[in-house]
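*Asks:* What follows is a single structure, and I will ask about it in a moment.
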Amino acid sequence: MALARLWSTAEIRRLRTILTILVKYGFDDVVGFLRLDPILTLGRKLVRTKPPSSLSRPVRLRMAFEELGPTTIKFGQILSSRADLFPPEYIREFQRLQDQLPPVPFEAIRSSLETSLGKPVETVFGDFDPAPVAQASIAQVHRARLATGEDVAVKVRRPDIAARIEPDLRILTILAELLERHVEEMRVFRPKELVRQFIRTLRRELDFSHEARNMERTRTNFRDDPTIVIPILYPEWCTDSVLVMEFLHGISIREIGQFETVGATPETVARMGAKSILKQVFIHGFFQGDPHPGNILVLPGPRLGILDFGMFGVISQSRRDLLGDLLVALVERDVTFMIRTFSRMGALPEDFDEGALGGDLTEFLEEFTNRPLKEIRLDALSSELFEIVRIHRLALPPDLTLLLRALIIMEGTGRTLDPAFNMVSESRPFVHRLIRRRFEPKAILKDLRSSAQVLLRTASHLPSEIEDFIARIREGRIKVDFNLKHLDDMIGEMDRTGNRLSMSILVGSLVIGSAMIFASPNGPKFFGLSTIGLFGFFVAGFMGFALIVAILRSRRF
C-alpha cells in the first residue's frame, strides 16, 4: 500500500492535518474517494465543519492551499501555469495564492549565513540591514554592503524550509498515486506527472546555485541589449542557500506615477517589457516563467531590471520549430496541419476524435483570424485554445503552457500600463522571424544534414540488424502473430459447413448401406424384413430430418 511509504509518525500526523483541512473546506468527498477516512478518524472523533455555501469550490481550494503552508502554495502557483488542464476559474484562484509566512528573525538569518559562507557576517559585509526588503515562502532578501563597498541584495534561504517541505513532497506523491488509482475523472489531469514536475521545479528553486546559473545565462543573452539590466552576481559569496547580487536602484513597475523621475513613460515601459519576454521566448529559448510586476524594476535610461531567476523555462530549437509550424497553421487556417503538428508534439491521446477536434479548431480559427489584429487579446485566444485542449484531452508540453503563461502575464502588465497595448501586435515581428527562419536555406540545409545523419546511422546498423533477425529465425525465436478481423467468425462458419457436409455424407452412406442390407436374405428378420436395414433407415431418417431443420433455421439454402 502507498501509505506504507510514510516513514514516521510526524508524517502521519502531517497527513491527518492535510486531510482535516481538506474536510474543513468541503473536500470530504475527495478524502472518501482516496479511502483515507480511517487515517483521518484514527483515535479521535472527526468534527466536520460546513464551508460557507457562498464560496465556490475553486475559492475553497485556494483557501485550503494557503492554510496548508508553503509547499501547497508553491504547488498552486505552479498549477496556475497549467491552463491546459484546469478551467479558468481554478487558474484565477491559483494565481491569487500568496505567501503568508512571517519573516525569519535576523539571528536565525545570521546563523544560516555564517554556516553557509564559513565566515562571520561582519567579515563579508560592511553593513547588513536586519529588516528584509522582500520575503517569500522559500527565501527572504536583505539589503547589505560588501566589505569592498558594493551595494548588494542578499537572498537567504529560510533555514527550516527544506525540512518542512520534504515530508509534504512525499505525502503529495502518495496522494497523487491514490488520486490516479481511485478517482477515474482525475486521471485526465495526470496527477502523478504533475507532482513529479512540481517536485523537480521546487527542488531547483531550493538550490540557489541553479538560480545563479539562470542569472548568468540571462546576462549573457542580454549582453548586447542596453535596455535590459541583469544584476551582477558575486559568485565568491554564493552557495546553494545564499545569493549575493548587485542591488538595483529603481522603482517598481507598479509605480506609474514615478516613471517621469527616471525618464520613462508607461507606453515605453510596456513595450520594453514585451520585447524582453519575446526575445527570451523566440530568440534565446530561455525565458522567465513568472515575469509578474514584483520581479521587474524601472531604471533610469529608461531601462528594465529583471529580478528573481528561480523559475525559468527552456524551449528547445525543435520545440520552437514546432511552435512556428503551429503559427503557420494558424495564419493559413490549416486545421489538418495543426492536428499533425499536435501529433508531432505527442499531444494527441490514442482515442482522440479527429473529426470533432478538427471541427472545434476550425471554429476557433474562424473566431480569431477574421478579427482586426488590434482586437485580438492573447489571454482570450489562449483561453479558447486551452478549452479545446481540455475537451479533447490533449497533452501539451509543460514548457509550452509555461511560455503562454509568461506572455499572458506580460500582456496583463502591459495593458495596465497602456490600455492600447497589444501583445499580439508586439509579437508579430518575432513570429515572422521564427517562420522565415524555418524556410531559410541555412535552416533547410541543417534539417537535411540532420536527416542524412539519421539515415546514415540507420543504414550502418542495418546489416547487423538483418543478421540478428536471420539468427532469430534460425533459432526459432521469431513468432508471427496474425490478427485478422472476423477470423474467428469465419472459422466458426467453416466448422458448421464442414459438419453439415459430414452429416450429409453419413446420412447418404447409411441409406445406401441399409438398402443393401435390406435386400440381403441373410440376417435377423422382423415380419420378414431385415432388422438391421430397418434400424439403418430409421437412424438415417432421424439424422436427415435434423439436418433439414438446421438448414431451415439458418435461412441459408
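*Asks:* Filtering region 140-159 down to residues that are within 16 Å of S116 (Cβ to Cβ) and not aliphatic (A, V, I, L, M), which residue is most open to solvent (accessible area, probe 1.4 Å)?
*Replies:* Ranking the qualifying residues of region 140-159, first place goes to P159.
*Asks:* Something else: Does L357 satisfy the criteria of being modelled with pLDDT of 85 or more, open to solvent by less than 50 Å² (accessible area, probe 1.4 Å) and farther than 25 Å from R200 by Cα? Show your work before the answer.
*Replies:* Details: modelled with pLDDT of 85 or more: yes; open to solvent by less than 50 Å² (accessible area, probe 1.4 Å): yes; farther than 25 Å from R200 by Cα: yes.
Here the answer is yes, as L357 does meet what is asked.
*Asks:* Select from region 81-116 the residues that are of a type in the set (A, V, I, L, M) and open to solvent by less than 30 Å² (accessible area, probe 1.4 Å) and write down the one among them that is nearest to the chain's Cα centre (by Cα). Spell out how you get there, then give the answer.
*Replies:* So the first thing to find is which residues in region 81-116 are of a type in the set (A, V, I, L, M), and the list is 83, 85, 91, 97, 101, 104, 108-109, 113.
Filter once more, keeping what is open to solvent by less than 30 Å² (accessible area, probe 1.4 Å): 83, 85, 91, 97, 104, 109, 113.
Values: A83: 10, L85: 8, I91: 15, L97: 20, V104: 34, I109: 36, L113: 37 Å.
Per the criteria, the residue is L85.
*Asks:* Output the residues belonging to region 64-99 that are of a type in the set (V, I, T), out of contact with any Phe, Trp or Tyr (no Cβ under 6 Å at 6 or more places or on another chain) and under 22 Å from L403 (Cβ atoms).
*Replies:* If the condition is that a residue be of a type in the set (V, I, T), out of contact with any Phe, Trp or Tyr (no Cβ under 6 Å at 6 or more places or on another chain) and under 22 Å from L403 (Cβ atoms), then I91 is the only one that fits.
*Asks:* So, I391, is that one surrounded by 10 or more Cβ atoms within 10 Å (Cβ to Cβ) and at pLDDT below 80 or not? Steps first, answer last, please.
*Replies:* Numbers: surrounded by 10 or more Cβ atoms within 10 Å (Cβ to Cβ): yes; at pLDDT below 80: no.
When the stated conditions are applied, I391 does not pass them.
*Asks:* Could you list all residues from region 414-444 that are outside any helix (DSSP H, G or I) and open to solvent by less than 20 Å² (accessible area, probe 1.4 Å)?
*Replies:* Matches in region 414-444: D418, F421, N422.
Here's the yes/no breakdown for (1) assigned to a helix (DSSP H, G or I); (2) more than 21 Å from G273 (Cβ to Cβ):
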site: D379; (1), (2): yes, no
site: E384; (1), (2): yes, yes
site: V389; (1), (2): yes, yes
site: A395; (1), (2): no, yes
site: I409; (1), (2): yes, no
site: G412; (1), (2): yes, no
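*Asks:* What number of residues within region 198-213 are open to solvent by less than 10 Å² (accessible area, probe 1.4 Å) and farther than 26 Å from K119 by Cα?
*Replies:* 2
*Asks:* Considering region 132-152 alone, what residues qualify as being within 41 Å of the chain's Cα centre (by Cα), among the aliphatic types (A, V, I, L, M) and in a loop (DSSP other than H, G, I, E, B)?
*Replies:* V133, A136, I138
*Asks:* Turning to a different aspect of this structure: Given the conditions (1) among the hydrophobic types (A, V, I, L, M, F, W, C); (2) at pLDDT below 85; (3) under 30 Å from I391 (Cβ atoms), report the number of the one that F65 does not fulfil.
*Replies:* (2)
*Asks:* For T220, are the conditions met, namely being without any contact (Cβ under 8 Å) to a residue 12 or more places away in the chain and either part of a helix (DSSP H, G or I) or surrounded by 20 or more Cβ atoms within 10 Å (Cβ to Cβ) (or both)?
*Replies:* yes
*Asks:* Report whether or not G310 is open to solvent by less than 50 Å² (accessible area, probe 1.4 Å) and small (G, A, S).
*Replies:* Details: open to solvent by less than 50 Å² (accessible area, probe 1.4 Å): yes; small (G, A, S): yes.
Taking the combined requirement at face value, the residue satisfies it.
*Asks:* Looking at M245, is it of a type in the set (A, V, I, L, M), over 25 Å from R428 (Cβ atoms) and part of a helix (DSSP H, G or I)?
*Replies:* On the way: of a type in the set (A, V, I, L, M): yes; over 25 Å from R428 (Cβ atoms): yes; part of a helix (DSSP H, G or I): no.
No, not satisfied.
*Asks:* With the condition kept exactly as written, say whether any residue in region 362-383 is modelled with pLDDT of 85 or more, touching a His at 6+ places or on another chain (Cβ under 8 Å) and not aromatic (F, W, Y).
*Replies:* No: region 362-383 contains no residue that is modelled with pLDDT of 85 or more, touching a His at 6+ places or on another chain (Cβ under 8 Å) and not aromatic (F, W, Y).
*Asks:* Which one of G26, G32 is small (G, A, S), at pLDDT 75 or above, out of contact with any strand residue (DSSP E or B) (no Cβ under 6 Å at 6 or more places or on another chain) and assigned to a helix (DSSP H, G or I)? Steps first, please.
*Replies:* Values: G26 fails: assigned to a helix (DSSP H, G or I).
From the options G26, G32, the qualifying one is G32.
*Asks:* Something else about it: Being acidic (D, E) and under 24 Å from S137 (Cβ atoms) is the filter; apply it to region 160-197 and report the residue that is least open to solvent (accessible area, probe 1.4 Å). Reasoning before the result, please.
*Replies:* Taking region 160-197 first, the residues acidic (D, E) are 160, 166, 168, 177, 180, 184-185, 193.
Next, from what is left, pick out any that are under 24 Å from S137 (Cβ atoms): 160, 166, 168, 193.
Details: D160: 74, E166: 55, D168: 13, E193: 65 Å².
Among them, the one singled out is D168.
The values are calculated or read from the model by the stated rules, or taken from the named source; none is laboratory data. From a predicted model like this one, the values you see are computed outputs, not experimental measurements. In this analysis, Cβ positions are derived from the backbone assuming ideal geometry, glycine residues included, and neighbour counts consider all displayed protein chains. Quick note on the areas: whole protein, heavy atoms, side chains included, nothing else; ligands and nucleic acids left out. Shrake-Rupley method; radii C 1.70, N 1.55, O 1.52, S 1.80 Å.
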